[in-house]
Amino acid sequence: MLKRALGLAVLALAVGLPAAGQVADETAVPRISVADLKQAVDAGRALVVDVRDAGSYADGHIPGAINVPLDTLPKKLTALKGTKKTIVTYCS
């Protein structure tokens, strides 16, 4: 499931940055490989956030990912900022 869900570009975003589609220069958004993401998740260094709607999340997601739909993200930023882990977001 991890490879299937990550067949897309995975973005490692610092909390508070705009969504990738809203960044003037998308090359400025850090990216992470599938292998590096797996290693970070396995080591407990990454929090994976699925920003798709709840239905898409229910249909399948990266194991351990939490669901924070993009339209609710601004309301959840305070809670996410409290994590000491790298936050990795994805959508598909």
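The values are calculated or read from the model by the stated rules, or taken from the named source; none is laboratory data. Note that the structure is predicted; figures quoted are calculated from it, not measured. Every residue, glycine as well, gets a Cβ built from its backbone with ideal geometry; the counts of neighbours run over all protein chains shown.
Details
- Within region 64-92, residues that are in a helix (DSSP H, G or I) sit with their Cβ atoms under 6 Å from residues that are modelled with pLDDT under 90, at 6+ positions apart or across chains, in these pairs: 77/15; 80/15; 81/15.
For (1) farther than 12 Å from residue 87 by Cβ; (2) surrounded by 13 or more Cβ atoms within 10 Å (Cβ to Cβ); (3) hydroxyl-bearing (Ser, Thr, Tyr), each residue gets a yes or a no:
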{"residue": "37", "(1), (2), (3)": "no, yes, no"}
{"residue": "40", "(1), (2), (3)": "no, yes, no"}
{"residue": "43", "(1), (2), (3)": "yes, no, no"}
{"residue": "48", "(1), (2), (3)": "no, yes, no"}
{"residue": "51", "(1), (2), (3)": "no, yes, no"}
{"residue": "57", "(1), (2), (3)": "yes, yes, yes"}
{"residue": "63", "(1), (2), (3)": "yes, no, no"}
{"residue": "67", "(1), (2), (3)": "yes, yes, no"}
{"residue": "71", "(1), (2), (3)": "yes, no, no"}
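- All positions within region 39-66 that are under 21 Å from residue 29 (Cα atoms), within 12 Å of the chain's Cα centre (by Cα) and not β-branched (Val, Ile, Thr): 46, 47, 50, 52, 65
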